[in-house]
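Here's the structure, in structure tokens; my notes come after.
The values are calculated or read from the model by the stated rules, or taken from the named source; none is laboratory data. Note that the structure is predicted; figures quoted are calculated from it, not measured. When the accessible area is computed, the model is the full protein with side chains, heavy atoms only, and any ligands, DNA or RNA have been set aside. Shrake-Rupley method; radii C 1.70, N 1.55, O 1.52, S 1.80 Å.
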Amino acid sequence: MVRALLSRHRLPKPELFLFLLLVLFSSSCDKQRVFEENTPIPDNIWKADQPVRFEVTIDDTLSGHNFLMNIRHAEGYPYSNLFVFLKTDFPNGKAARDTIEFILQNPDGKWSGSGLGDLWDSQIQFKQNIRFPLKGKYTFTIEQAMRAPALPMIMEMGLRIEKYSAE
């Protein structure tokens with residue numbers, strides 16, 4: 001009878017259970033995150049004319065926020081740094097533009113961030129404790145700003161906005 005009951009009600013595979021547990025754990029523990037999204041780069045070649053865009057709705061203009069860039073690249077990326085242009089379109093139609101350099105490789109030649117095989121993930125903070133001046137929809141556009149028209153081995157670009165914490 002127990003065998004017949006178990007055959008009608010199959011338990012999920014252990015892999016599926018572990019994946020669902022990981023998703024639940026990671027989403028419940030990240031209370032600082034306001035926004036985070038990563039965009040795959042087509043063919044792992046980031047062309048200068050292929051901007052990455054993120055739309056973020058902001059309701060909190062009182063708290064400070066940290067801005068971080070998520071960069072996934074392969075070990076064969078030919079540079080030790082990455083320059084990007086970051087354009088911010090505000091809810092009132094105004095815009096601002098920044099040029100930002102991210103150091104991806106230490107002076108000793110080791111990649112920064114965390115690696116698995118030949119893939120490297122870096123999450124680099126570039127603004128700290130910034131208050132949004134207006135409520136509404138912001139659009140962040142990221143373009144590669146290196147001298148090369150196409151950057152090989154860039155797999156994903158992402159943006160994370162989190163609540164500032166003085167700790």
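The listed residues 131, 160, once ranked by accessible area (1.4 Å probe) with the largest placed first, stand as 131, 160. Estimated at the nearest 10 Å², the accessible area of residue 122 is 10 Å² with a 1.4 Å probe.
In the structure shown, the pairs 137/163; 31/135; 47/137; 47/163; 47/87 are assessed against 22 Å; a Cα-Cα span above that value is assigned to 47/137; 47/163. Close amide H contacts of residue 47 (hydrogens built in the peptide plane, cut-off under 5 Å, sequence separation of 5 or more or a different chain): 151.
Against the criterion of solvent-accessible heavy-atom surface with a 1.4 angstrom probe, 88, 39 sort, most first, into 39, 88. In the distance distribution for the range 118-163, Cα-Cα pairs more than 12 Å apart total 76 percent. So what is the diffusion coefficient of the range 44-167 in µm² per second by Stokes-Einstein at 10 °C and 1.306 mPa s, using a Kirkwood Rh over Cα pairs? Rounded to a whole number, D works out at 103 µm²/s. At the residue level, residue 126 shows approximately 40 square angstrom of accessible surface with a 1.4 angstrom probe and all protein chains present.
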